[in-house]
Amino acid sequence: MLIELDIFSGRPNPRWQLDGRAEQTLRQLHQHLWQIRSHPPEPPGLGYRGFTYTLDGTTWRAYKGWVVSPNQAMMDRGHTVERLLLEQLPAEYTEIRPRVLAELE
């Protein structure tokens, strides 16, 4: 599964393949999220805009405690999806980790 951290403007965003174990954990997290009818916050034009990935043919964005697809919004109060994906960030992007972590707190 391809993960993209949507954070840069003017240069390519970090992208990486999620390993099988982390993908399974992501699937389990999705099963425990609360579907909600509220409108999630829109990501800003610049800066941290969340993680995007495709799961079972649906593209999702995990941003600020929400996990959103074009047809569904789920609440993730503990930022579990974002934290999982941040943990999987490849070593060459280590300098970005504190910046994203600050957005989750």
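Descriptive notes on the structure:
- Within the stretch 60-86, the residues that satisfy the criterion of being more than 11 Å from the chain's Cα centre (by Cα) and free of Cβ contacts under 8 Å to residues at least 24 places away in the same chain are SER69, PRO70, ASN71, ARG77, GLY78.
- Residue within the stretch 50-57 that is closer than 21 Å to GLU103 by Cα, of a type in the set (A, V, I, L, M, F, W, C) and touching a residue at least 12 places away in the same chain (Cβ under 8 Å) present: yes
- Leading residue by the ranking (surrounded by the most Cβ atoms within 10 Å (Cβ to Cβ)) among those in the stretch 6-28 that are touching a residue at least 40 places away in the same chain (Cβ under 8 Å) and more than 21 Å from GLN72 (Cβ to Cβ): ILE7
- Failed item, numbered, when GLN31 is tested on (1) open to solvent by 70 Å² or more (accessible area, probe 1.4 Å); (2) in contact (Cβ under 8 Å) with a residue 12 or more places away in the chain: (2)
The values are calculated or read from the model by the stated rules, or taken from the named source; none is laboratory data. The model shown is predicted, which means the values in this text are computed figures rather than measured ones. Note that we place each Cβ from the backbone using ideal geometry, even for glycine, and neighbour counts take in every protein chain shown. Each accessible area value is taken on the protein alone, full model and side chains, heavy atoms only, with ligands, DNA and RNA left out. Shrake-Rupley method; radii C 1.70, N 1.55, O 1.52, S 1.80 Å.
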